[in-house]
Amino acid sequence: MSGINRKERLKCVRRLVVKVGTRVLSSENNLPDVRWIETLAGQIAQLRCRGIEVVVVSSGAIGAGMGQLSMSRRPRSIPQLQAAAAVGQNQLMHSYQVAFGRHNLTIAQILLTADDLKNRQRYLNVRNTLLTLWHYGVIPVLNENDSVATDEITVGDNDNLSAQVANLIDAHLLIILSDTDGFFSADPRKAPQARLINTITEITPELEKLAGQTATEVATGGMRTKLEAAKILTASGQMMLIANGRKHSLVSILNGKEVGTLFLPQAERMASRKRWIAFSHPPKGVLVVDDGAVQAIAEKGKSLLPSGVIKLKGEFENGEVVNIQNLKGQDIARGLVNYRDKELKKILGKKSSEIEKILGYCYYEEVVHRDNLVVL
Ligand code: GLU
């Protein structure tokens, strides 16, 4: 598949998520750069004429709030950050509205927390809202609901949020518009020989190490969070592209211009519900399983039974997501667990037929049913 050229690959993109980073859309005083946003709107208008549906995930609320409140430095305290986000989000949307209005495009605001993505009902509601907005020709502009999100419910960074949104709407491609040119073979600020990587077919441990070192943005995450986003998308069978939003237009990127870094899918397209299980919630615990169970899950497509579970870590309720690890500590799958940790401790290593005798009830014969299990 990697033999196909970029142009061919990008030709099939019909649903697109565009993530706009704070640095790329802000002007010097931190307020949104309406002219830049207007150019973006013009590009999105062109893409829509080609039948491409677009969702924008926009950062910049905290930055805009800082500008508006004349804060010279990013505040450290959570209430100040949340106040800045509350002021700035409004400012940001106003700028989007003016800029998109000049191209006769209507926008809509959706603010999400991690809870909205974790809860299946709300997750599906967000999807339906997005599809309905598209139906009316509206461009949805999303951000994290920074002024209410606290540690437990925060997605944390918009690279991750945009990957989740791409999963949610089954996008073909996520484009991250950043102030960097893409993913480099070394930190370009320190190593003059650093080379821009055009295409990444596999996210190797070396790349992860590199991303950890190259925090090329002042915004939340730098390359590390971008690589995390790429891992989610490529494992779900989607593509991601990082490009410099100050230098390149969405239209030329989708025309196949060789700019930025393109991450190719590393798997077949994953079914929508499985994507939600695998990537919309941080796992609450770990089940360590024996080799027989690994084989049954990974090779034979079977459910995980209590007899294969050797030990567990973490505290979790039934219905929450757990990682399934082999004896070497490698994650091999992720799934929705049928028993809470305290129940599971009593039945691990036992046969399913013994569950009722031990617990006094047997809701399920499986610890994780294969329908709720994603092999990684
Ligand atoms: N949600 C934050 C904001 O609007 C940005 C987070 C990020 O850039 O990752 O300021």
task = Could you check how many residues of the stretch 220-253 are at positive phi and within 16 Å of the ligand (Cβ to nearest atom)?
result = 1
note = Across the stretch 25-54, the tally of residues that are β-branched (V, I, T) and more than 18 Å from N158 (Cβ to Cβ) stands at 3
query = If you check S95 against the conditions, is it in contact with a Leu (Cβ under 7 Å, 6 or more places away or on another chain), of a type in the set (G, A, S) and modelled with pLDDT of 95 or more?
reply = no
key: Matching residues, the stretch 89-142, being more than 16 Å from the chain's Cα centre (by Cα), hydroxyl-bearing (S, T, Y) and surrounded by 14 or more Cβ atoms within 10 Å (Cβ to Cβ)   = S95, Y96
task = Go through the residues of the stretch 293-301 one by one and say whether even a single one is closer than 27 Å to D115 by Cα and out of contact with any Lys or Arg (no Cβ under 7 Å at 6 or more places or on another chain).
result = no
ask   = Just a yes or no: is a residue in the stretch 174-192 within 13 Å of the ligand (Cβ to nearest atom), part of a loop (DSSP other than H, G, I, E, B) and under 18 Å from the mean Cα position of the chain (by Cα)?
value = no
message = I'd like the full set of residues that are among the hydroxyl-bearing types (S, T, Y) and touching a strand residue (DSSP E or B) at 6+ places or on another chain (Cβ under 6 Å), limited to the stretch 136-177.
response = S162
Filtered residue count, the stretch 131-171, keeping only those that are more than 22 Å from Q91 (Cβ to Cβ), of a type in the set (S, T, N, Q) and either part of a loop (DSSP other than H, G, I, E, B) or within 11 Å of the ligand (Cβ to nearest atom) (or both) = 2
inquiry  = So V54 ticks every box in (1) of a type in the set (V, I, T); (2) closer than 25 Å to F279 by Cβ; (3) within 15 Å of the ligand (Cβ to nearest atom) but one. Which box is left unticked?
reply    = (3)
task = Kindly check whether there is at least one residue in the stretch 62-82 that is more than 16 Å from the ligand (Cβ to nearest atom), within 19 Å of the chain's Cα centre (by Cα) and surrounded by fewer than 19 Cβ atoms within 10 Å (Cβ to Cβ).
result = no
task = Please go through the stretch 86-110 and pick out each residue that is in contact with an Asp or Glu (Cβ under 7 Å, 6 or more places away or on another chain) and either within 19 Å of A163 (Cα to Cα) or among the basic types (K, R) (or both).
result = R102
task = Assess whether H248 counts as being under 20 Å from V57 (Cβ atoms) and free of Cβ contacts under 8 Å to residues at least 40 places away in the same chain.
result = yes
Those residues of the stretch 251-272 which are modelled with pLDDT under 95, of a type in the set (A, V, I, L, M, F, W, C) and either over 18 Å from the mean Cα position of the chain (by Cα) or more than 17 Å from R370 (Cα to Cα) (or both), in sequence order = A267
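Inside the stretch 193-243, can you point out the residues that are among the hydroxyl-bearing types (S, T, Y), closer than 24 Å to H281 by Cβ and at pLDDT 90 or above?
Correct list: T225, T234, S236.
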ask   = Taking into account only those residues within the stretch 26-51 that are within 16 Å of the ligand (Cβ to nearest atom) and in contact with a Ser or Thr (Cβ under 7 Å, 6 or more places away or on another chain), which is farthest from V87 (Cα to Cα)?
value = I37
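The values are calculated or read from the model by the stated rules, or taken from the named source; none is laboratory data. Not measured: the values here are computed from a predicted model. Every residue, glycine among them, receives a Cβ derived from its backbone with ideal geometry; neighbour counts consider all protein chains shown.
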